[in-house]
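What follows is one structure encoded as structure tokens, with my remarks underneath.
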Amino acid sequence: MAERLTLSGLVWVNTLKRQSIKQARAKRAQCREWLDNGEDPVIQLSLVKVKRKEAVTVKDALEYWLVEYATEHRKNVDKTKAQFERHLYPYIGKYPLEKTTKPQWLECFDRIKKGIPNERKGAPVAAGQVLQGAKQALLFCRKREYATSYVIDDLTTTDVGKKQNKRDRVLNEVELQDVIDNVKTAAFKNYYSNLIWLLIVFGARSQEIRLSTWKEWDFEKGLWTVPKANSKTAELIIRPIPKSLYPWLKRLKAVVVKLNWPRFYSLASIFSLTRLVSNHHYADAA
């Protein structure tokens, strides 16, 4: 069945597919509005069909931000991506972004905050982090006209979790000695022992060690240079390498090179790596 509409001199033919009279009248009213605004109804209807066909999902929007912005401008992009994959994608990732509701998002944040019985502990700080990441992602999508949603705009960190406390706690001499003794006696897993030892020796931040690559380590000059990209203050940091650590570091490098692992330390490879390198260097370097 076909319907001929004459709107301000324009003849538009539309093939109706079991549309009700109410739906047809609504479409006619929309076409009148487009004509009043100097727009072609045929083109506008085509755009609407394309938009419906290519609806952006929650996962599409968050991944768009991760790839187009966060990868270059966020130092903790891997952590943010992992949080999205764990807490959002399995539950609302496939839903069209513009059709998601606040209760659907809040259910995800509450699940992070309260945890899952017998499966996952509650993490209120992580809930706030996921919210902030998602809000930045949706804002970026709106600015780029990739997708539009204001569904979580008015939520704050304290609405879904809590802010991370500022940490100014330092160890006294007795506590520091206890940590060193536990590292030497292998009281911790190899990963933590190695990481803690390097943190103590270099006074570095954990991400500076975890993101470090071998090109930063100059054994001839005895210097470790942390690039601006890995520094929290976005400044170059140069630290001397104690000679007592040379043997262990070189053994570690040899294993990494042999196994074709480019990073000095990475959460993905460290559990396998530390089983291959002994930790007797703690006693040697003490």
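Just so you know, all these numbers are worked out from the coordinates, no wet-lab data involved. All values derive from a computational prediction rather than experimental measurement. No Cβ is skipped: glycine too gets one built from the backbone with ideal geometry, and neighbour counts run over all protein chains shown.
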Original post:
For the pair Asn182 and Glu98, how long in nm is the line joining their label points, each one 7 Å along Cα→Cβ?
Top reply: 5.4
**OP:** Find how much the distance from Thr148 to Leu236 grows on full extension, using 0.36 nm per residue of separation minus their present alpha carbon separation; answer in nm with one decimal.
**Re:** 27.8 nm
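Hey, can you rank 112-120, 203-211, 170-178 by average C-beta count inside 10 Å, highest first? Write out the running numbers ahead of the final one.
Numbers: 112-120: 12.6, 203-211: 16.7, 170-178: 9.7.
Descending mean neighbour count gives 203-211, 112-120, 170-178.
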Original post:
Between rounded, prolate and oblate, where does segment 142-249 land on the alpha carbon gyration tensor, with a ≥ b ≥ c its root eigenvalues, rounded for a/c under 1.5, else prolate if a/b exceeds b/c?
Top reply: oblate
Original post:
Which entries in the list Lys121/Lys243; Lys94/Lys121; Lys99/Lys163 go over 31 Å, if you measure between the two C-alpha atoms of each?
Top reply: Lys121/Lys243
Original post:
Using a Förster distance of 30 Å, how high is the FRET efficiency between Leu139 and Leu171, based on the Cβ-Cβ distance and rounded to 0.05?
Top reply: 0.15
**OP:** Could you sort 61-71, 85-95, 180-190 so that the peptide with the highest average Cβ count within 10 Å comes first and the rest follow in order?
**Re:** 61-71, 85-95, 180-190
Subject >> Cα gyration tensor category, rounded, prolate or oblate, for segment 60-153 with a/c compared to 1.5 >> reply: oblate
Original post:
Between segment 189-236 and segment 107-161, what's the alpha-carbon centroid distance in Å?
Top reply: 31
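Kindly state, to the nearest 0.05, the FRET efficiency for Ile43 paired with Thr213, given R0 = 51 Å and r defined as their beta-carbon distance.
Values: r = 52 Å, r/R0 = 1.02.
After rounding, the FRET efficiency stands at 0.45.
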